[in-house]
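The values are calculated or read from the model by the stated rules, or taken from the named source; none is laboratory data. These numbers were taken from a predicted model, which means no experiment stands behind them. Note that each Cβ is placed from the backbone with ideal geometry, even for glycine, and that neighbours are counted across all protein chains shown.
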Amino acid sequence: MDVSIPRILSIETAAGCGSVALTRGGVQNGRLIAEAAVHAETSHSRQLLGSVEWVMQAAGISWSDLDAIAVSIGPGSFTGLRIGLAAAKGMVFATGKPLIAMPTLDAVALSCPLIDCPLWCIMDARKQEVYAACYGADRQQTSLAEAIRPELLAEKIAPPAVIAGPGLTAYHHLFAHIAGVRLIPPTLSSLSAAKIGLLAAERLARGELADPALTVPLYVRPSEAEVNLKKKGGCPHGA
């Protein structure tokens, strides 16, 4: 097996429509071998594993052929992230393969051309907010992901800049009027497990592995249950 061109099984369930993919290689030399769509928020973990089995069979490879398992860790749908990460951890513990944890918005950044100005990647966070993070010319994150109201983000972005990601589907009108800011259509900057896999190959080459026992979803903001508990003046068990 040529580990310089790794085979990676990846899971992306941060958005409503997720996917499972098998890729070979990294950002520069990689390719998609097989991919299947999953509805991240309604699929039980067994259905997700069924998609994994289909991808493996379609590619004609076994678990021993894999070099790593990658998963999108957020931000995104709380339910989707929990299901995806739980499935990835289960496969890691069962196979002994390394785990690569990828920030979700990195996959959006990969969809965009290399540019010489800030790139803002956004996803719909519901509750009239977006998840957003800024990237530099090398597609490296320059700001931590945050949940923010889109109108506040519009005030925060200084031109020249580019905005991309599925969050533009709902909030295109808030950013379209900003002079010096270019918008990349959501259809050209979507999320996919394939992009997670290609990015994960770069981390694998650098030895940036995640500890399955310590890896948790990147929620960015508290869950509804945590908010309600705080309003009641309580605290989680064990806190």
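Points worth noting:
- Residue list for segment 153-174, restricted to those being more than 22 Å from residue 103 (Cβ to Cβ) and of a type in the set (A, V, I, L, M, F, W, C): 154, 158, 174
- Candidates in segment 34-55 are the residues that are of a type in the set (A, V, I, L, M, F, W, C) and buried (at least 19 other Cβ atoms within 10 Å of the Cβ); of these, the one that is modelled with the lowest pLDDT is 40.
- Cβ separations smaller than 6 Å between residues 6+ apart or across chains give the following pairs from segment 129-149 residues that are closer than 17 Å to residue 219 by Cβ to residues that are assigned to a strand (DSSP E or B) and among the β-branched types (Val, Ile, Thr): 130/122; 132/122; 132/148.
- Residues that are in contact with an Asp or Glu (Cβ under 9 Å, 6 or more places away or on another chain) and of a type in the set (A, V, I, L, M) within segment 180-199 comprise 191, 193, 194, 196, 199, listed in sequence order.
- Unmet criterion (only one of (1) assigned to a loop (DSSP other than H, G, I, E, B); (2) under 30 Å from residue 24 (Cβ atoms)) for residue 200: (1)
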